[in-house]
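The block underneath contains the structure these notes are about, expressed in structure tokens.
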Amino acid sequence: MSSTVQDKLPKDRMTEDKLIVALDVSTLAEARRLVADLRHVVHTFKIGSQLFTIAGPELIKEIIGSGAQVFLDLKFHDIPHQVAGAARASPNSVFRCSLCTPAGERR
């Protein structure tokens, strides 16, 4: 009988609420496997720019469809109106996104 990641992790609600798992992987299949293996103990998954470029918004929809939250960590860094536009274009269902704001003056 082989053990999985699920077998090794605690199964309490406090753990689920406190952990954010970074899906810093290079394929959609790896990301899906991590979400499937960890969903019962993790409520929030982070998607960075590499995975978002590979998987796009569909992965966000899949994760949210599983009942989890998404932290979209794209580190938007540009002149302020571009950052504002990128943040507005992020799916409304994203729990959190990262911004880098000292990139220029607001006009």
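The values are calculated or read from the model by the stated rules, or taken from the named source; none is laboratory data. On a predicted model such as this, the values are computed, not experimentally measured, just so you know. Ideal geometry is used to build each Cβ from the backbone, glycine not excepted, and the neighbour counts take in all protein chains shown.
Of all residue pairs spaced 6 or more apart or on separate chains, none has beta-carbon atoms under 6 Å together with a first member in region 73-90 that is surrounded by fewer than 15 Cβ atoms within 10 Å (Cβ to Cβ) and a second member that is in a helix (DSSP H, G or I). Among the residues of region 1-60 satisfying the criterion of being farther than 20 Å from Leu72 by Cβ and of a type in the set (Val, Ile, Thr), which is modelled with the highest pLDDT? Taking the candidates together, the pick is Val41. Summed over region 39-51, the residues that are more than 11 Å from Val25 (Cβ to Cβ) and over 9 Å from the mean Cα position of the chain (by Cα) give a count of 6.
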